[in-house]
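What follows draws every value from the coordinates through simple rules; no lab data is involved. Everything quoted here is computed from the prediction, not taken from an experiment. Glycine also receives a Cβ, built like all others from the backbone with ideal geometry; neighbour counts cover every protein chain displayed.
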Amino acid sequence: MPKPSQRTSVKKVKVKVPSGTLKTYLRKKRNKPAVCGVCGKPLSGVPNLNALKMRTIAKTKKRPERPFGGNLCSSCMRNKIKRRLFESFS
């Protein structure tokens, strides 16, 4: 049985071993890609890593260097900036 802290990140998989018996292995779950907060489209420029590996890479490699980088996709970001510009002029 895994530690309580590991129960969410592992998945039990039954594998037939060469002796012919079924054995339960613990495998890491697959990571979901980061998605846009508005439209739900997967974000480009954001790596698809688990939290432990994300902690070790540099901050500039975690998200794109632009406004709302890592939260919104480029098209939603453009729309948001345009809306703010139009509001400020009217």
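For the reader, a short list of remarks on this structure follows.
- Averaging 1/r over each pair of different alpha-carbon atoms in the chain and inverting the result gives 16.6 Å, the Kirkwood hydrodynamic radius.
- Helical contribution to [θ] at 222 nm, DSSP H n ≥ 4, -39,500 (n - 2.57), averaged over the chain, rounded to 500: -8000 deg cm²/dmol
- Length gained on full extension, residue 89 to residue 62: 6.3 nm, using 0.36 nm per residue less the C-alpha separation.
- Here the label points at residue 22 and residue 51, each 7 Å from Cα along the C-beta direction, are separated by 3.1 nm in the simple model.
- About its Cα centre, the chain has a charge dipole of approximately 460 debye under the convention of +1 per Lys or Arg Cβ and -1 per Asp or Glu Cβ, with nothing else charged.
- For residue 35, nonlocal amide neighbours, meaning residues 5 or more places apart or on other chains whose placed amide H falls under 5 Å from its own, are 43.
- Folded to 0 to 90 degrees: helix 74-89 orientation relative to the chain principal axis, Cα: 30 degrees
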